1. Over the Cα atoms of chain B, each weighted equally, I'd like the Debye log10 I(q)/I(0) at q = 0.08, 0.09, 0.11, 0.12 Å⁻¹, rounded to two decimals.
2. For helix B:12-39, what angle does its Cα long axis make with the longest principal axis of chain B, in degrees from 0 to 90 and rounded to 10?
3. Which of rounded, prolate or oblate describes segment B:12-223 when judged by the alpha-carbon gyration tensor and an a/c cut-off of 1.5?
4. May I ask you to derive the relative contact order of segment B:12-223, considering only C-alpha pairs under 8 Å and at least 6 residues apart, and to give it as an integer percent?
5. At a threshold of 8 angstrom on Cα-Cα distance, excluding pairs fewer than six apart, so keeping six or more, what relative contact order does chain B reach in percent?
6. Relative to the longest principal axis of the C-alpha atoms of chain B, give the angle of the C-alpha long axis of helix B:48-76, reported between 0 and 90° and rounded to the nearest 10°.
7. Hey, with R₀ at 60 Å, roughly what FRET efficiency would residue B:108 and residue B:289 work out to, going by the Cβ-Cβ distance, to 0.05?
8. Which of B:233, B:82, B:281 moves the most in a Gaussian network model of chain B with Cα springs under 10 Å?
């Protein structure tokens, strides 16, 4: 322990536990940004069924995008490439 | 069976199912809190908040056990198929029960202090090298994170986007979540609980889940011992009367996907046993409203072409069948998904050539 410097949301930033929590928070923050772009714009270009759904319905996909955003990014890119090549 | 997405893809049956499960869950929580309040009085009295934390925790564990048992139970007996229907909604309900449990615990034990309640999860009074002081909350957090991934990707959109194979693999993480839940209870509640009821229930639950998976696995293994040669031109799969009317039957072919056989009206049809939705066992389903209906989630296909009724677009492979005398013969080579095949009907002039050995 490196003293009691409270630097992030009341968590001592120097402990492994706090580093894990900060990384978890960053993961969800990045996921939220990607998720918003995905459900508002991206999803319409890769899923014709979702493209026809209103935005309020597409927001149900936001938590899922936040939770697995690296997989979403990979598949999003793959499907876009497949769509443009065909 | 998706033509458009909605927030929750309810139908009448799913609404009834969800309402029953929700009502039972709330009755359980209320009964648990009331009973505990009546049993533990005076010096032993437990605060309503702690009782609520325990009630929702136990509810989540009970629902998790039910969810884990539904699959193997359905494979053991088709009578359990109705509870398999809508299992995903049960999973989301279980996640919310676990989330309420975690949220209440975090508020009750960690809120309103100088330090973040999240910080207390990992450090503070915990001792990572001791059993009684091990931070069991972390196990619960890991389980909750996995359950969040599963609940948040339970919509049909995710099934289509991730593909059934990846979606299924992702959702197999429920077993990892279950392991974390067991550790959460063993290092947590069991360390302070003196009454053997909790430990007994936990062991009984784990043994039940394990045993049901073993039994259903053995049941699945048995038919493949009777697998027949795939390169035979036509395979004898039994007598016409071996196939019950409007009920599916699974036929195993060596080194190939299983085939689902359905007898409907005067004809017999053969389809792939693998549902296009979540690879459910179509041969364990039956004919409903003239369509082959998957026992898992109710996806439907026409028996004579493997196509879902319009406006749905799912398609599965079909197989050629013919009847000679009373014997049903199957061509083991699958047709492309959605290929129309005339149902086999009894022939008046049976012949026995080209029949593969049984």
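Since every read-out is calculated from the coordinates, none of them should be taken as a lab result. This structure is a prediction, so every number in the text was calculated from the model and none was measured. All Cβ positions, even for glycine, are placed from backbone atoms using ideal geometry, and neighbour counts span all protein chains on display.
1. With no solvent term, the Cα-only Debye profile gives -0.52, -0.63, -0.84, -0.94.
2. 30
3. prolate
4. About 22 percent, as a whole number.
5. Relative contact order comes out at 14 percent.
6. Long axis of B:48-76 versus the principal axis of chain B: about 20 degrees.
7. Result of the calculation: an efficiency of 0.75.
8. Comparing B:233, B:82, B:281 in a Gaussian network model of chain B, the most mobile one is B:233.
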